[in-house]
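Undergrad: Got a structure for you, questions after.
The values are calculated or read from the model by the stated rules, or taken from the named source; none is laboratory data. Since the model is a prediction, treat every value here as computed from it, not as a measurement. Backbone-built Cβ (ideal geometry, glycine too); neighbour counts: all protein chains shown.
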Amino acid sequence: MGLLEYVDRYLVERPGLSRDYCRLLTATATKLCAWADRPLALADVDRAMLGRWATALLLADRPSTVNDKLRMVRTLLLAAYDDDLLEKPPKRVRKLPEYLSPPQAWTIEECRRLFVALARAPGTVGDVPAADWWSSLCLTVYWTAVRIGALLRAETQDYWPGEGLTVTRQKNGRQQWYSLPPSCCEAVERVLPESGPIWLWPYHKNTLWHHFRGYVEAARLPAPKAHCQLFYRLRRTNLSYCAAEDPAIAQRQADHASLETTRRHYLDPRIARQRSAADVLPDPTPQKPRLRVIG
């Protein structure tokens, strides 16, 4: 059976998978076939091929991204083996070392500068004043740490006036309730339509990040080059401040199965500061003698 043919079967037989995962799995298998420059059968994909593909991917992708793609393909091949479509289970491909920089968030002072810039946004988004639309969207990301894709799918019936919002998670399709403070509820209610998506973006999807980058630059905030990472700065802000109070709050807010996932990818150590050697070791440097004041 062909690799892409089996992807279709795999997704049909697993209706609980999130839409984003289905899209990523299909795209990953398609890229593997494109790299091989031919349609691949399941039996064609072995450890040697995946190793060569990983080497090619490293020219453009981070090691963590390459590992994710290799993991997806191996999961697919394991399922094919369970379905008796492969004679042997796939051999494990060695995981690439991942050298991750510490996650970066915006501090509360930087966030305040951002919301000043958003409040000055000119024009409209659809029929809604742009200042209200952008301010309410970013405030909700700040208070919930919800991924922007999931938040854009939230609809009017998901909002409870004066209380909070129910959001369907992108990765696992699970619904989660988020309490919102009065200031955020007031901002949401200023843009709340009678029905449909709360934050309807009536333009091409990719332009959302271009517009947001303009407001980030207007606020003179440090920003990553990748557009997709911009909203993640706000997400990390939420989780980092939560972790500074209690790491368990950050893990629940992020809906992660492991605290290590939250810490590794989302907690800015400048904000979510934990006690370190500098907090507990005695200072070994000679102390300056105190001057005696006479008179």
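Undergrad: Pick from region 186-235 the residues that are buried (at least 17 other Cβ atoms within 10 Å of the Cβ) and of a type in the set (Lys, Arg): which of them is farthest from the chain's Cα centre (by Cα)?
TA: Arg233
Undergrad: Continuing with the same structure: Among the residues of region 1-47, how many are within 24 Å of Gln175 (Cα to Cα), hydrophobic (A, V, I, L, M, F, W, C) and in a helix (DSSP H, G or I)?
TA: Of the residues in region 1-47, 5 are within 24 Å of Gln175 (Cα to Cα), hydrophobic (A, V, I, L, M, F, W, C) and in a helix (DSSP H, G or I).
Residue-wise test of (1) touching a Ser or Thr at 6+ places or on another chain (Cβ under 6 Å); (2) assigned by TED's automatic domain parsing to the domain that holds Trp53; (3) at pLDDT 90 or above; (4) closer than 17 Å to Leu239 by Cβ.
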position	(1), (2), (3), (4)
Asp68	no, yes, yes, no
Arg92	no, no, no, no
Tyr99	no, no, no, no
Pro102	no, no, no, yes
Val128	no, no, yes, no
Trp133	no, no, yes, no
Thr140	no, no, yes, yes
Ile148	no, no, yes, yes
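Undergrad: Quick one: how many residues across region 25-53 are farther than 14 Å from Leu70 by Cα and out of contact with any helix residue (DSSP H, G or I) (no Cβ under 7 Å at 6 or more places or on another chain)?
TA: So the answer is 6.
Undergrad: Go through (1) part of a helix (DSSP H, G or I); (2) out of contact with any helix residue (DSSP H, G or I) (no Cβ under 7 Å at 6 or more places or on another chain) one by one and return the number of the condition Ala187 breaks.
TA: (2)
Undergrad: Would you confirm whether any residue within region 230-253 is part of a loop (DSSP other than H, G, I, E, B) and more than 23 Å from Glu109 (Cβ to Cβ)?
TA: The answer is no, given that none of the residues of region 230-253 is part of a loop (DSSP other than H, G, I, E, B) and more than 23 Å from Glu109 (Cβ to Cβ).
Undergrad: Determine whether Leu100 is in a strand (DSSP E or B) and touching a residue at least 24 places away in the same chain (Cβ under 8 Å).
TA: Considered against the rule, which asks whether it is in a strand (DSSP E or B) and touching a residue at least 24 places away in the same chain (Cβ under 8 Å), Leu100 comes out as no.
Undergrad: Also: Looking at the structure I just gave you, is Arg264 in a helix (DSSP H, G or I), touching a Pro at 6+ places or on another chain (Cβ under 9 Å) and not small (Gly, Ala, Ser)?
TA: Against the criterion (in a helix (DSSP H, G or I), touching a Pro at 6+ places or on another chain (Cβ under 9 Å) and not small (Gly, Ala, Ser)), Arg264 qualifies.
Undergrad: Just wondering, is there one or more residues in region 269-288 that are within 18 Å of Arg147 (Cβ to Cβ), in contact (Cβ under 8 Å) with a residue 60 or more places away in the chain and under 18 Å from the mean Cα position of the chain (by Cα)?
TA: no
Undergrad: Filter region 178-199 down to residues that are more than 14 Å from Ser135 (Cα to Cα) and either in contact with a Phe, Trp or Tyr (Cβ under 9 Å, 6 or more places away or on another chain) or not assigned by TED's automatic domain parsing to the domain that holds Pro122 (or both), then give me how many there are.
TA: 4
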